[in-house]
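The block underneath contains the structure these notes are about, expressed in structure tokens.
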Amino acid sequence: MWRTEEESDSSAPAAGSRASLRRSGGFGRSRQRRGLPLPPAGTQCCPAAPARSIAHCCHGGAKMAALAYTLGKREINYYFSVRSAKVLALGAVLLLTACHAASRRYRGGDTCEYLLSSGRFLGEKVWQPHSCMMHKYKNSEAKNCLIDKRVVFLGDSRIRQLFYSFIKLINPQVREEGNKHGNIPFEDKSASIKVDFLWYPEVNGSMRQRIKSWTESSVAKPHIIVAGAATWSIKIHNGSNEALTQYKINITSIAPLLEKLAKNSDVYWVLQDPVYEDILSESRKMITNEKIDAYNEAAVRILNSSSRNSKAKVKVFSVSKLIAQETIMKSADGLHLPESSRDTNAMILMNVYCNKIMKPIDGSCCQPQP
């Protein structure tokens, strides 16, 4: 704020005016040196005034600041009340929900596909699927879901591991003491649940005949079929290209049978997990990740090639491969997964089948869209 010389003269003696002018001249020169504009002619700055005028000047500035704050606050309150804030928050939630639903529809909306094929570890043992949650099933929930059901695991030693982890979700007291190279039955009589492991380490004529028997009209079909094999073929044929060619021929003959079963049953083909080549025994050194990738590529291409499979789809269980990539270094022999990893795979299987039946209210995968 600037004051006129007349106001200065009326409030101070002549000597004070002359001193004030001298100070004013110094003040002007200082402002010129700093490149600042000079005050209007015949005025001087508030600090050059006596104490009472200075207090009056500063008090006026404070009043203006307080007035500006009050007006600004009043303006904000005019546009934003508690009610309007709630409306904005609700609108944001609805917008996010709509975007999420649109994203799911754009990507196909099938969270079962995400659960079977994608995800990441959150910590050491927590698997997080893409776009949905995985429900942790208790024994009682697993029994309620699988009551009066028959489940079959068909394949090699890796499928046998998955079989054991699966039945432990029904009965945690089960011990892994069955014949390693033979069939292993399991039954929970209280819920009329039957789960069988059938030893078929190769994709060959024997496996095809077993699968074909379930397609006959007079035979009771399993409600869930989990199949997979390849490492045994790589091993006993020493990783030959001829063995891979025969594998392609055999799985091509099996694919239509699996598709036929998939019309009324849940059918899963488990891709082969990678191995930890550094610690494989000498008798397994021919089982390389390069060979495993070739077998997996053949299985995916053949199982998804049929036009019939668009409706009666054989579900490719590829998420196990992702899990193994993170955990196979903890394998005891370089071939079989550590227990925590196969337990995660078993829980994924339980979610894929049971979520649509049990309908857990925790954002779990494999549930119908609202």
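The values are calculated or read from the model by the stated rules, or taken from the named source; none is laboratory data. These figures come from a predicted structure and were not determined experimentally. In this analysis, Cβ positions are derived from the backbone assuming ideal geometry, glycine residues included, and neighbour counts consider all displayed protein chains. With ligands, DNA and RNA removed, areas are computed over all heavy atoms of the protein, side chains included. Shrake-Rupley method; radii C 1.70, N 1.55, O 1.52, S 1.80 Å.
Things worth noting here:
- Within region 354-370, being in contact with a strand residue (DSSP E or B) (Cβ under 9 Å, 6 or more places away or on another chain) and crowded, with 21+ Cβ neighbours inside 10 Å holds for ASN355, SER364, CYS365.
- Within region 109-133, the set of residues being in a strand (DSSP E or B) and surrounded by 19 or more Cβ atoms within 10 Å (Cβ to Cβ) comprises TRP127 only.
- Condition check for SER233: open to solvent by 70 Å² or more (accessible area, probe 1.4 Å) and not in a strand (DSSP E or B): no
- Only listed residue being of a type in the set (Lys, Arg), within 30 Å of LEU261 (Cβ to Cβ), in contact with an Asp or Glu (Cβ under 7 Å, 6 or more places away or on another chain) and open to solvent by 20 Å² or more (accessible area, probe 1.4 Å), chosen from LYS321, LYS313: LYS321
- ILE225 vs. criteria surrounded by 14 or more Cβ atoms within 10 Å (Cβ to Cβ), part of a helix (DSSP H, G or I), at pLDDT 95 or above and within 34 Å of the chain's Cα centre (by Cα): no
Conditions tested, residue by residue: (1) closer than 23 Å to GLU259 by Cα; (2) buried (at least 21 other Cβ atoms within 10 Å of the Cβ).
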| site | (1), (2) |
| --- | --- |
| ILE167 | no, yes |
| ILE170 | no, yes |
| PRO201 | yes, yes |
| TRP214 | yes, no |
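- Here region 134-148 is the region considered, the condition is being free of Cβ contacts under 8 Å to residues at least 60 places away in the same chain and more than 18 Å from CYS365 (Cβ to Cβ), and the residue that is surrounded by the most Cβ atoms within 10 Å (Cβ to Cβ) is LYS143.
- Within region 261-292, being surrounded by fewer than 19 Cβ atoms within 10 Å (Cβ to Cβ) and in a helix (DSSP H, G or I) holds for GLU277, ASP278, ILE279, GLU282, SER283, ARG284, ASN289, GLU290.
- Selection within region 332-343 - open to solvent by less than 10 Å² (accessible area, probe 1.4 Å) and either part of a helix (DSSP H, G or I) or of a type in the set (S, T, N, Q) (or both): SER341
- First in region 276-293 and in contact (Cβ under 8 Å) with a residue 60 or more places away in the chain, second anywhere and open to solvent by less than 70 Å² (accessible area, probe 1.4 Å) and outside any helix (DSSP H, G or I), Cβ under 8 Å, 6 or more apart: ILE292/ALA230; ILE292/GLN272; ILE292/ASP273; ILE292/PRO274; ILE292/VAL275
- Looking across ARG175, ARG160, one residue alone is among the charged types (D, E, K, R), assigned to a helix (DSSP H, G or I) and open to solvent by 10 Å² or more (accessible area, probe 1.4 Å). It is ARG160.
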